[in-house]
1. Order these peptides, B:166-174, B:259-267, B:92-100, B:328-336, by their mean beta-carbon neighbour count within 10 angstrom, highest first.
2. Nearest 10 degrees, 0 to 90: what angle lies between the long axis of helix A:171-184 and the longest principal axis of chain A (Cα atoms)?
3. Given 0.36 nm per residue, what is the gain on full extension from A:Leu184 to A:Glu6 after removing their alpha carbon distance, in nm?
4. Just grab the label-to-label distance for B:Phe30 and B:Phe201, each label 7 Å out from Cα along the Cβ direction, in nm (one decimal).
5. Just to be sure I understand the rule: take each whole DSSP H helix in chain B, project its Cα atoms onto its long axis, keep it if the span is 24 Å or more and its mean Kyte-Doolittle hydropathy is at least -0.5. Which ones pass?
6. So what are the radius of gyration and Dmax for the Cα set of chain B, in Å?
7. Between A:Tyr58 and B:Tyr241, what FRET efficiency comes out of the Förster formula 1/(1 + (r/R0)^6) with R0 = 41 Å and r the beta carbon distance, rounded to 0.05?
8. Shielding of A:64-77 by partners, i.e. mean partner chain Cβ atoms within 10 Å per residue?
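Derivation of every value follows stated rules applied to the coordinates shown; laboratory data play no part. These numbers come from a predicted model, not from an experiment. Positions of Cβ are generated from backbone atoms using ideal geometry, with glycine treated the same way; all protein chains shown enter the neighbour counts.
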Amino acid sequence: MTLHVEKVTWRVEEQAILRDVAVDVAAGELVGVLGPNGSGKSSLLRCIYRALKPDAGYIALDGDNVWDLDAKEAARRTATVLQETPGEFEFVVWEMVLMGRTPHKSMFARENAEDHDLVESALGQVGMLPFAERSFATLSGGEKQRVLIARALAQQARFLILDEPTNHLDVRYQLEILDLVRGLQVTTFTALHDLNLAATYCDRLYIMSEGEIVAAGTPEDVFQPALLRKVFGVEAEVQVHPRTGKLHIVFLPAHAAAPSATASNEAPASAVLVGES
Amino acid sequence: MGAVVEKPSQDQGETRPAPASQSKRRDARFPLVVLALAVALLVTLTLAVTIGPVAIAPLTVWQIAVSRLTGLASGEWSAAHENIVWLIRLPRVFLAALVGAGLAVVGVAMQAAVRNPLADPYILGISSGASLAAVLVILLGLFKFFGIYSLSVAAFFGSVMAFVIVLTLAQHRGTLSPVRLILVGVALSYVLSAGTSFIIFRADDAEGIRSVLFWLQGSVAGAKWSYLTIPSVAVLIGTTYLVLQARPLNALIAGEETAISLGVNTNRFRRMLMVVAAMITGVMVALAGAVGFVGLMMPHTVRLFVGSDHRRVLPVSLLAGAIFLVWVDVLARTIVQPEEMPLGVITGFIGGPFFIWLMRQRRDALGGGRS
C-alpha cells in the first residue's frame, strides 16, 4: 500500500489550516509527521482517513483517489488508531476489536468463525487476549491503545494511520506501542509529538509548521538545530546516541542555552514539549 | 477514577484462549434471553387483560381471542366479557406494548445518533411540536376537519414540523453535528412549550385543560384495533432497519471519527437514523401522547445487563419496553379506580427511583469508569 498526498489545502473560513501539503509513503515504510500544536498534523491525517474533505489537492491510496472510493472500501484499505473512546457507552474489549470487521461485513452478514479468529489473533498480537472480557473503560491508557491497535489489525487494512499513539502514556508504554507498530510491517503514517521517539522509530519524517511541510527526509536530514529552533522554538543539540546509533535530541533550557554551557542529559524542556496535548 | 490494573507481560496473552470462548458463550446464551423475554411479554399481555374492574380468567382471555380470530369457540363466557376483552382491553394492552417497544427502540437509536446517553426520543422537539398541535386541537378547536382523528393527525404533523425545523437549523456546512442537533432541539422545545403554556394559561375551558394535561403525560385509554396498524408497521420497519444497522450503530457510539474510519458514512447514516426515529416517535406521540421516561430509561437499563452492542440492545429494548409500558398502563388504570392516571405520572414515579437504584447497584457502569 502506498500513500500519495499532493497539494492538499484545507481552509476554515478563508484561513488555510493545510496549505499545499505533499506527502509520500512507500509500501512498508513507517513515516512520521511532527510539528508543534496547531501545525496541522491531525488535520492532515483526518483528510487521509476522510473525516475532512480537502478544498484542493489529491490524496491517493495505491493510486486511487480516496474520495472516489466508497466509505467501506476506503476503510478496508486504511485503519486508523485515534484517541477517541466510547465515553459513556460500555464495550468489552472483544466487542471493541470486533468493530474492526465493520467495513468487511454487509448489512445482512453475521460474524463468522473467521471474524472471531481474526479478533482473537489481533488481541494475541498486542498481548491483550487475557483482557478480552474486560470493560474497555476500565483499562489503563496503554492497554486502551493496544486494544485500538488490535482493532486496526482486525480491520486487515494494509495502511495504518496513527494519531499520536503515545500521547499520555508512560515511557515504557510509549516504547512498547511503537515497538509493536514497527513489528507489524504495515505501511504506517503516524503523527508524533516526541522528537526522540520519532528519530528512533521512523524511517522518514515530515515536519509541519503553520499548515505547511517545512522539512522532509530521514531523521538525520530533518533534525537540524536551526530547524528545531525555527519550528519548535527550542534550543537543542542533536547527537548520535552511542548505544542505539539513532539520533538523540537534547533540549537545552534557556539558562543553559548559552554557547558556554555543555549539553545536559537532564532535559526538562522536553517534558514541557511532549506533555501537552 | 479509572481502575489501574496490573499489566501482564506480552507473552502471557498468547496462551490463554479462555476469554474468547467466554465471548462466544455469551453470544450463544443470547437467544435464550430473547426467548425468555418474549414469553414474559406474552404472559404480561395476558395478565394485563385479566386485570380491571371486572376480573377475567387468563384462560378465558385466550379463548375469546382464539374464538374471535378463528371462529372456533370453546368454553363459556358472557357477551359483556367478550366485549371487555376484545373491544376494550386487548387493543389497549397492545397499544401500550407497541408504544413502549417503539419508544425504547427509538431511545436506543437516538442515543447512538447523537452519541449522548441523555438523549431520548423527544430530543428533536418531537413531543413539544406534537403537544402544541394537540393544544391547538383540544383548546382552540383547530383542525376539526380531520374528524375524530384530528388530534392524532395534528399531533403527527406537529412532530414532523418540529423535526424538520430542527434538522434544517442544525445543518452546518452540509453536516449534522450531534451537539448542534441537541442544542437546536432543546431550544426549539422551549419555544414550542412556551406556546403550549401560553395557550393553556389563556384558556378558561377547565375540562379542556384537564384533557390537555392528561394528553401531555401520555395515555393509551380508548385504544381501538384500528389504531394499531400504523404503529405496528412503524415499529416493525423501524426496528428491522435499526437491527440491520447494528454494526454502524456500534461504530457510531465508539466515536464519530472511529465510525468514519470504519467505513460508516456518518452524515448520511445520522440523517437516516433521525428520519426513522422521528417517524416512529411521531406515530407514538400521535396515538398515546408524550409518554416520558421509557425512551430514556429502557436503553440504559438494558445496556446495564447486556452491554452496548446494538445486536443485543435493540431486541431486548423492544421487548423490555413493551413489557414495561403494559404494566405501567395496568397501574395507570387501577390505582385510582375509577379514575385514570396519565402514563407519565407512573413512569416518573416508578421508573425514576428504580433507575437511580439500578445505577447505584452498578456503579462501575454509566460513566463510573474513565471516559
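1. Final packing ranking: B:92-100, B:259-267, B:328-336, B:166-174.
2. 60
3. Here the segment from A:Leu184 to A:Glu6 would lengthen by 61.4 nm.
4. If labels sit at B:Phe30 and B:Phe201, their model points lie 5.1 nm apart.
5. Correct list, ordered by number: B:18-50, B:90-113, B:150-170, B:178-202, B:266-288, B:310-334.
6. Taking only Cα atoms of chain B, I get Rg and Dmax of 22.4, 77 Å.
7. 0.70
8. Rounded to a whole number, the mean comes out at 2.
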